[in-house]
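Where a number appears in this text, it was derived from the coordinates with a stated rule and is not lab data. Because the structure is predicted, anything quoted here is derived from the model rather than measured. Cβ placement follows ideal geometry from the backbone for every residue including glycine, while neighbour counts extend to all protein chains displayed.
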Amino acid sequence: MERKALIEAVRTQMPERRWQHTEGVMQTSIVLARRFGAEPERAELAAILHDVAKFWPVERMREAIVEENRYTDVLAYDKELWHAHAGAYAAGRDYDVRDPEVLDAIRYHTSGRERMSLLERVVWLADLIEPGRNFPGVEQIRTLAEHDLRGALIEGFDTTIAYLLAKKKRIYPLTVLARNDLMTEGG
Ligand code: DGI
Ligand code: FE
Ligand code: FE
Ligand code: FE
């Protein structure tokens, strides 16, 4: 699908506020991709689609995850996690995205995973620090993201996990694995 048509198709599936978040993620993904050597066009494509399933009815998300039959374990966890997998599936099936790295950047944008690719890191971080985000600690992560991708990710995962713990939420295993993996890599 051509870029402009894709943007319109995605935009109509979410409230205006969430679309503004997506535009922020697009912009920040491009900046981070240029800064850290990922491909800006692929980062932007993943950003456009990353939250495409966020406002789907729960049953539609569940059906996509069951149909894809890859991460059905996520169905036993918080529904907040589902839209990433449903979105990756939709990107391939409904929006003709054939680039597996772009699909993975969408799939892992919420949880992360071990051995995240550069593209996955860029999109995960852009989602957290796009200009519309405003949570305690975001400025510190933005500052780290100016020069230290891994440091920004570690701080981002720690902040996310601390938030989940404070809310007495369950942590999806991939989230923990992503964080531990970043701690051990490169000293
Ligand atoms: O979709 P967004 O709001 O832009 O951001 P997101 O996809 O990164 O995260 C959506 C929510 O998912 C956010 O409130 C944090 C939550 N989340 C991330 N990792 C986990 C999680 N929730 C649970 N229960 N467990 C996790 O491991
Ligand atoms: Fe999301
Ligand atoms: Fe995120
Ligand atoms: Fe998002």
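Residue by residue through segment 77-88, what is 3J(HN,Hα) from phi via Karplus (6.51 cos²θ - 1.76 cosθ + 1.60, θ = phi - 60°)? Round to whole Hz and write x for glycine and proline.
Per-residue couplings from phi come out as 10, 3, 4, 4, 7, 6, 5, 5, 6, 4, x, 5 Hz.
What is segment 18-95 by shape, rounded, prolate or oblate, if you read a ≥ b ≥ c off the alpha carbon gyration tensor as root eigenvalues and call it rounded for a/c under 1.5, prolate for a/b larger than b/c, and oblate otherwise?
Numbers: a/c = 2.33, a/b = 2.02, b/c = 1.15.
Because a/c hits 1.5 or more and a/b exceeds b/c, segment 18-95 counts as prolate.
Please give, to one decimal in nm, the separation of the simple spin-label points placed at V176 and F135, each 7 Å out from Cα toward the Cβ.
The answer from the label model is 1.9 nm.
For the pair D148 and K79, how long in nm is the line joining their label points, each one 7 Å along Cα→Cβ?
With each label point 7 Å from Cα toward Cβ, the separation is 3.9 nm.
Can you give the three extents of the C-alpha atoms in the chain along their principal axes, from longest to shortest, in whole Å?
Ordered largest first, the chain gives principal extents of 40, 35, 28 Å.
Taking a ≥ b ≥ c as the square roots of the eigenvalues of the Cα gyration tensor of segment 61-107, is the shape rounded (a/c under 1.5), prolate (a/b larger than b/c) or oblate? All intermediate terms of the calculation are to be shown ahead of the outcome.
On the way: a/c = 2.19, a/b = 1.76, b/c = 1.25.
Judged from the Cα gyration tensor, segment 61-107 comes out prolate (a/c at least 1.5, a/b above b/c).
About its Cα centre, what dipole magnitude does segment 39-122 give when the only charges are +1 on Lys and Arg Cβ and -1 on Asp and Glu Cβ, stated in debye to the nearest 20?
It comes to approximately 160 debye.
Per residue, how much space in cubic angstrom lies within the convex hull of the C-alpha atoms of segment 62-155?
Values: hull volume 11.0 nm³, N = 94.
Roughly 117 Å³ of hull volume per residue.
Taking the alpha-carbon centroid of each part, what is the distance from segment 34-83 to segment 146-180 in angstrom?
Cα centres, segment 34-83 to segment 146-180: 18 Å.
Along the Cα→Cβ direction, 7 angstrom out, place labels at V66 and A5. What is the inter-label distance in nm?
About 3.2 nm, to one decimal.
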